[in-house]
Amino acid sequence: MTETEALSEADFESNPFDQFNKWYTARDTTSIAIPGSVSLGTASSDGRVSIRTVLLKGYDDMGFVFFTNYKSRKSSDILTNPMAALLFYWPESGRQIRIEGRVKKTSEEESEKYFASRPWESQVSAWASEQSSVIPHRKHLDLSFEYFKSQFAGQSVDKPPWWGGLRLLPDWFEFWQDGGFRLHDRIIYRKENEAWIKERLAP
């Protein structure tokens, strides 16, 4: 990990979305295989936590968007416990960003628009894979994929009704930067009465 120059509070924007954009666009992507990857943590209604990598497909002042099967484990967790967390980690830059908040579905229009932009085979796979369900063997998945390829041959693929977008609406951010002697910079933003409060945490 690269040690970077210590930061003052003045180095951080007043709005966490502006600060996110500043770091996200400045990150070194030359050695990142999938630059849009981010870890997503969810918890079930009984408190069992799980984490996985998803692809960030968009962000703005409303939140952070990714797409999935609404029958997947992550979606089942979110249905019963809509609080979730994102972790962006860039060891090459010595930085990470943690984001917490509530998740809700994107509009159907937004989901349809993104689905239409996917490669044809990826559209078909959304029908073929019963995400997170137990299947007997790999051949089952391959046969399902071939079946739906034949069903949609020569035509456009409709978005499955169980597939779409999720948006995390943040109420907390942490911007972490590596520092010498473990004296890391940690700046958080927490939402209070619709205003963002910026504070520093001890490392």
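The values are calculated or read from the model by the stated rules, or taken from the named source; none is laboratory data. What you are looking at is a predicted structure, and each value in this text was computed from that prediction instead of being measured. As a convention, Cβ positions derive from the backbone with ideal geometry for all residues, glycine included, and neighbour counts pool all protein chains shown.
Values as computed for the structure displayed
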quantity	calculated
Some residue of segment 67-74 being modelled with pLDDT of 95 or more and touching a Gly at 6+ places or on another chain (Cβ under 7 Å)	yes
Options G41, G36: the member that is under 25 Å from Y114 (Cα atoms) and modelled with pLDDT under 95	G36
Some residue of segment 151-159 being more than 23 Å from Y114 (Cβ to Cβ) and touching a residue at least 40 places away in the same chain (Cβ under 8 Å)	no
Only one of V124, V157, V134, V103 that is buried (at least 19 other Cβ atoms within 10 Å of the Cβ) and in a loop (DSSP other than H, G, I, E, B)	V157
Candidates V124, V157 - the one that is touching a Lys or Arg at 6+ places or on another chain (Cβ under 7 Å), under 26 Å from K105 (Cα atoms), modelled with pLDDT of 95 or more and not hydroxyl-bearing (S, T, Y)	V124
Any hit, segment 102-115, residues being under 11 Å from the mean Cα position of the chain (by Cα) and more than 24 Å from S144 (Cα to Cα)	yes
Residue that is nearest to G165 (Cα to Cα), among those in segment 26-81 that are assigned to a strand (DSSP E or B) and of a type in the set (G, A, S)	G58
Test result for G180, at pLDDT below 95 and either among the polar types (S, T, N, Q) or farther than 24 Å from L40 by Cβ (or both)	yes
Residue check, K139 touching a strand residue (DSSP E or B) at 6+ places or on another chain (Cβ under 9 Å), at pLDDT 95 or above and part of a helix (DSSP H, G or I)	no
Of residues in segment 1-20 being free of Cβ contacts under 8 Å to residues at least 40 places away in the same chain and surrounded by fewer than 15 Cβ atoms within 10 Å (Cβ to Cβ), the one farthest from I188 (Cα to Cα)	E5
Residue ID - farthest from D178 (Cα to Cα), chosen from residues in segment 40-95 that are surrounded by 16 or more Cβ atoms within 10 Å (Cβ to Cβ) and hydroxyl-bearing (S, T, Y)	Y70
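Here is a yes/no grid of residues against (1) without any contact (Cβ under 8 Å) to a residue 12 or more places away in the chain; (2) of a type outside the set (G, A, S); (3) over 30 Å from R182 (Cα atoms):
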{"site": "I97", "(1), (2), (3)": "no, yes, no"}
{"site": "K105", "(1), (2), (3)": "no, yes, yes"}
{"site": "E108", "(1), (2), (3)": "no, yes, yes"}
{"site": "K113", "(1), (2), (3)": "yes, yes, yes"}
{"site": "S125", "(1), (2), (3)": "no, no, yes"}
{"site": "S129", "(1), (2), (3)": "no, no, yes"}
{"site": "D142", "(1), (2), (3)": "yes, yes, yes"}
